[in-house]
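J.: The structure that follows is given in the form of structure tokens.
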Amino acid sequence: MLVVQKYGGTSVGSIERIKEVAKRIAKRKKVGDDLVVVVSAMSGETNKLAELASQFSLNPNRREMDLLLSSGERVTSALLAIALSDMGYESIALSGRQAGIVTDGKHTKAKIEHIYTQAMKEKLKQGKIVVVAGFQGITHVGEVSTLGRGGSDLSAVAIAGALKADICEIYTDVDGIYTTDPRIEPKAKKLKEISYDEMLELASLGAKVLQARSVELAKKLNVNLVTRSSFNEDEGTYILKEEDIMEKALVSGIAIDKNQARVTLRGVSDKPGIAAEIFRKLSQEDVNVDMIIQNVGVDGSTNLGFTIPQNELEITDKAMRDIGASQSVEFDKNVVKVSVVGVGMKSHSGVACTAFDTLADENINIEMISTSEIKVSMIISEKYGELAVRALHDAYKLDN
Ligand code: ADP
Ligand code: ASP
Ligand code: MG
């Protein structure tokens, strides 16, 4: 069996932890499985590197950022391969480039375009455990690129897809996917299985346990995906096609995204084409705009509100000032997005209403709402974020 495993930051966060991971890998190798292991940087390392750059610039050159940020994963991949070799298991560490991972040129959020698998296949054939530095690749012109935060999940899924691995196991610091972040609601329940679509919504809406793009790719390439703890032997959560899920829950989880900022453009002229101009500019700048609200215009002018990730504030501010479509640009970082996700919503009404009632009972004001077939998202004040998560978790009886 060919297995791709990925170990996240906490799982390789210390010398002791790397030794534990090496033992787990060795055990699997002994059973006769072929292994490609993708690793993250040690926990906190990527933030530390970004923080170093921020000492020099608020908007550092993205090419240089990639060279800087990719170094964390190189460290852990080399250390893990050294640990394995020392235990008598032949292994080899590969950087993104050495593993053949080719991306587009969008520094700090590159997309994987192709994986040249020869190198990995050759090492596997020689019986070696292949350890790949996650989160990175190389552009067509030979520049180092990174795949966006949490991107080692994407490296693992893409490699599993390219090698047609039997399974892709994501090892992290929780036992699997829970009905909500167990750090916020200790009563959260571990799910045995979840559909790709629900997982994709949860991940896109803030549940960082899996990077959203990795789930999207897993669905597209039909990669068998399981999330497990690197700290115990529990079974974890399988991510499956919707039709393969036995029990379809009305609501499967609650997510919270604390990396949101609300932008208000005041005094936007109320005429055709203006929204197109604003959002075209933001899309050119690669800003991820989410919820949008346009107020009713008065005297030929209106206000436009939308949400963006907090780390795209500077770039949004500059873009809005450049086009000068509004009299003022205001930002509010003290907001969070709380979302209710479940495929059962497709065929049941009243799910959104329960969410609104629940927040009303807690006296929490909803500032923006958006819905899709399988989710309801609400922007609320940051200080009520975790309270809202617990109240919603209760309201949908997710603890039983
Ligand atoms: P890694 O470093 O292994 O990639 P992450 O920190 O990126 O791990 O993701 C794991 C974390 O995701 C958990 O520690 C947990 O707090 C958080 N999390 C958020 N939502 C959920 C959820 N629904 N189920 C499980 N974990 C969740
Ligand atoms: N080290 C990177 C990050 O912290 C990638 C990852 O851990 O998946 O975002
Ligand atoms: Mg992660």
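The values are calculated or read from the model by the stated rules, or taken from the named source; none is laboratory data. This is a predicted model, so every value here is computed, not measured. Virtual Cβ from ideal backbone geometry, glycine too; neighbours counted across all protein chains shown. These area figures cover heavy atoms from the full protein model, side chains too; ligands, DNA and RNA do not enter into them. Shrake-Rupley method; radii C 1.70, N 1.55, O 1.52, S 1.80 Å.
J.: As an exercise, find the ratio Rg/Rh for the chain from alpha-carbon atoms, using the Kirkwood inverse-distance average for Rh.
T.: Here Rg/Rh amounts to 0.99.
J.: With a probe of 1.4 Å, find how much accessible area the stretch 9-154 has per residue, and write the answer as a whole number in Å².
T.: Result: 47 Å² of accessible area for each residue.
J.: Show the residues, 5+ positions off or on another chain, whose built amide H is closer than 5 Å to the amide H of VAL37.
T.: When sequence neighbours closer than 5 places are left aside, the close amide H contacts are GLN5, VAL130, VAL131, VAL132.
J.: Can you tell me the dipole magnitude for the chain around its Cα centre, using point charges on the Cβ only (Lys, Arg +1; Asp, Glu -1), in Debye to the nearest 20?
T.: Here the size comes out at about 1120 debye.
J.: For the Cα atoms of the chain, what angle does the longest principal axis make with the long axis of helix 313-323, in degrees from 0 to 90, nearest 10?
T.: Between helix and principal axis, roughly 50 degrees.
J.: Another question, if that's okay. ALA261's amide H: which non-local residues (gap 5+, or another chain) put their own amide H closer than 5 Å, with H modeled 1.01 Å from N in plane and none for Pro or chain starts?
T.: ILE308, GLN310
J.: Taking amide H atoms as placed 1.01 Å from N in the peptide plane, list the residues 5 or more away in sequence, or in a different chain, whose amide H sits under 5 Å from that of GLY253.
T.: VAL341
J.: Which of the trypsin sites (Lys or Arg not before Pro) found in the stretch 219-266 are loop residues per DSSP with 11 or fewer other Cβ atoms within 10 Å of their Cβ?
T.: Those satisfying the criteria are LYS241.
J.: While we're looking at this one, here's another question. Just to check I understand the Karplus step: with θ = phi - 60° and J = 6.51 cos²θ - 1.76 cosθ + 1.60, what whole-Hz values come out for the stretch 132-149, glycine and proline as x?
T.: With the stated coefficients, the stretch 132-149 comes to 10, 5, x, 6, 8, x, 9, 7, 4, 9, x, 8, 6, 10, 10, 9, x, 4 Hz.
J.: Okay, moving on. Keeping the other protein chains in place, figure out the carbon and sulfur percent of the accessible area of the stretch 133-268, with a 1.4 Å probe.
T.: 49
J.: Using only protein heavy atoms and a 1.4 Å probe, report how much of SER349 is accessible, in Å² to the nearest 10.
T.: 110
J.: Next up: Within the chain, what's the longest stretch lacking GluC sites (Glu not before Pro) that sit in DSSP loops with no more than 11 other Cβ atoms inside 10 Å?
T.: Counting only loop sites that pass the neighbour cut-off, the longest clear stretch is 1-232.
J.: Still on this structure, I have one more. How large is the accessible surface per residue of the stretch 269-345, computed with a 1.4 Å probe and reported in Å² as a whole number?
T.: 50
J.: If you don't mind, another one. Just tell me which lysines come within less than 27 Å, Cα to Cα, of LYS128; anything on the same chain fewer than 8 places away is out.
T.: Leaving aside lysines fewer than 8 places away in the same chain, those within reach of LYS128 are LYS6, LYS19, LYS23, LYS27, LYS29, LYS30, LYS164.
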